[in-house]
Every structure is written in C-alpha cells, then in structure tokens.
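Since the structure comes first, as structure tokens, the remarks are kept for the end.
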Amino acid sequence: MIKACIFDLDGVIVDTARYHFLAWKRLAAELGIPFTEADNERLKGVSRLRSMEILLELGHITMARDEQERLANKKNGWFVEYVERMTPAEIFPGVPALLKDLRQRGQRVGLASSSKNAPRVLALLGLADAFDAMVDGTMIVHTKPDPEIFLLAARKLNVAPHQCVVFEDAEAGVDAALAAGMACVGIGSEEQLHRADLVLPTTGEFDPATLATLDVRQPRPTP
Ligand code: BG6
Ligand code: MG
C-alpha cells in the first residue's frame, strides 16, 4: 500500500527549472558554450557542481575545481535573483490542492530536492508547511540518480521505500526513485521519462484515486 508521496521541487511543484536553465544559459554564453534546452535535460535533478561539470563537458573545457566552484556560485547568484522575484502565482496549477488532498487521504507528503535553495523557494511560495518532511541539497552526499535523497526522505517520513511514490521531472530523478525501490510518476514528456511507472504532462493532473495502481514494487531485501 502506498503511504507516502515524495515530490521533487524544481519543475514539479513550481517552474524554477526554467530559472535554472536561464541562469546556466547565461553562464554558457559567457563561456562561449552553445547550450540548448535539450542539453539542459542532463542538468535537471543533479547538484550544482555536477551541473557545472556537465556544462564544461558540453563545451569540451577543462577547468580547475576552484574556478568551477566560482562560476557555479555566479550562476547561483543569477538563479537566486530570478527566484526572489517569484510569487505563489508561479506554483503549478492544482499543486496546492493536490498536496492537501493527499494529506486528507492519510498520505505522508515529502519534498526531496537536490537544490540548496529549496527552503528559500518553499518559503517564498508559502509552501513550507505543506510537507511532513523535507530533504534538500545540503543534506545529502550523492546527487540523483543516486537513491540517497529519496531513501532519506522515506526515513524522515517513517515509511518503507516500497510504500513511496516519487514525482519527478528529471531523468536522473526517475532513475533515483527506481533505484530506491519506489514507484515513480514522471512529470513531462513520455519520451524523456519513459522509465517512470506513469508519465503525466503536469503534476496537477495526477488523480490520487490512482495511487493504488502504483503499488507495484516489492519490499527491498534488508542488507
Ligand atoms: C535541482 C535542479 O532541483 O537542483 C537542478 O533540477 C539544480 O537543475 C539542482 O542544479 C541544484 O540546485 P541549487 O539551487 O542547489 O543550485
Ligand atoms: Mg526537478
């Protein structure tokens, strides 16, 4: 039985994935690296520094670690500027109602975002109290597609991994959810997210009545 729903933030709750893309594109332009929305798919869900590495791979550029960190911080400065201008109107349609509905049905509701800005974004959107547990990029060692973030969220929610459904817009996130032994609803294109158990164009379209059909996984063997 599914007992918990774990949501990614950027691109699932709110369109901050767009702001990440715009900030990376701005940095790419400074570095003379061509950078498209298709390239950006590889950056979704992964940590800031891993994103920096992928951008440099795309541009065939090698760079010292401290310089990579400086540029990733510069990108973050732009991202934070965009985000600070955001309002609750930018939450995806139907999401607050869905979170409320899931809780009313007795589901535990969690957030698992690779972003170190997640607490700030939630506060700006007035969603800080919408989740029973929250894991952000400051609390994990390994970035998605490693399952660490979702396993930690499940532990905080006090449910077993196979009792969780993850909502994800990133390929790395879908892979992380599956590696955690959880069911996964992909938000976005079927082509990109086909490994998910179900793919929907938007989060707000999810029908909580279908939760039972997602209960497809077996308990993971205890090590
Ligand atoms: C994820 C985004 O949620 O957070 C990635 O999908 C982003 O694009 C990552 O790189 C890290 O975010 P931040 O805010 O810590 O740089
Ligand atoms: Mg995302």
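The values are calculated or read from the model by the stated rules, or taken from the named source; none is laboratory data. Just so we're clear, the structure is a prediction, and the values are computed from it rather than from any experiment. A quick note on method: Cβ atoms are made from the backbone with ideal geometry, for glycine too, and the neighbour counts reach across all protein chains shown. The area values use the complete protein model at the heavy-atom level, side chains included, leaving out ligands, DNA and RNA. Shrake-Rupley method; radii C 1.70, N 1.55, O 1.52, S 1.80 Å.
Annotations
- Residues that are within 14 Å of ligand 2 (Cβ to nearest atom) and either surrounded by fewer than 20 Cβ atoms within 10 Å (Cβ to Cβ) or in a strand (DSSP E or B) (or both), drawn from region 18-36: Arg18
- Looking only at region 168-195, and only at residues there that are within 16 Å of ligand 1 (Cβ to nearest atom) and part of a loop (DSSP other than H, G, I, E, B), the one that is most open to solvent (accessible area, probe 1.4 Å): Ser189
- Selection from region 57-81 of residues that are closer than 23 Å to Ala38 by Cα, in a helix (DSSP H, G or I) and away from ligand 1 (no atom under 14 Å from the Cβ): Glu57, Leu58
- Test: residue in region 154-162 that is crowded, with 20+ Cβ neighbours inside 10 Å, under 17 Å from Thr203 (Cβ atoms) and away from ligand 1 (no atom under 11 Å from the Cβ): no
- Taking every residue in region 4-15 that is within 14 Å of Gly94 (Cα to Cα) and within 11 Å of ligand 1 (Cβ to nearest atom) and pairing it with any residue that is modelled with pLDDT under 95 and charged (D, E, K, R), at least 6 positions away or on another chain, the pairs with Cβ-Cβ distances below 7 Å are Val14/Glu90.
- Residue that is most open to solvent (accessible area, probe 1.4 Å), among those in region 122-139 that are within 16 Å of ligand 1 (Cβ to nearest atom) and in contact with a strand residue (DSSP E or B) (Cβ under 6 Å, 6 or more places away or on another chain): Met134
- Pairing each residue of region 88-115 that is touching a residue at least 60 places away in the same chain (Cβ under 8 Å) with any residue that is more than 15 Å from ligand 2 (Cβ to nearest atom) and of a type in the set (Phe, Trp, Tyr), provided the two are 6+ apart or on different chains, yields C-beta distances under 6 Å for Val109/Phe131; Gly110/Phe131; Leu111/Phe131.
- Annotation: of all residues in region 109-121 being open to solvent by less than 10 Å² (accessible area, probe 1.4 Å) and within 12 Å of ligand 1 (Cβ to nearest atom), the one that is nearest to the chain's Cα centre (by Cα) is Ser113.
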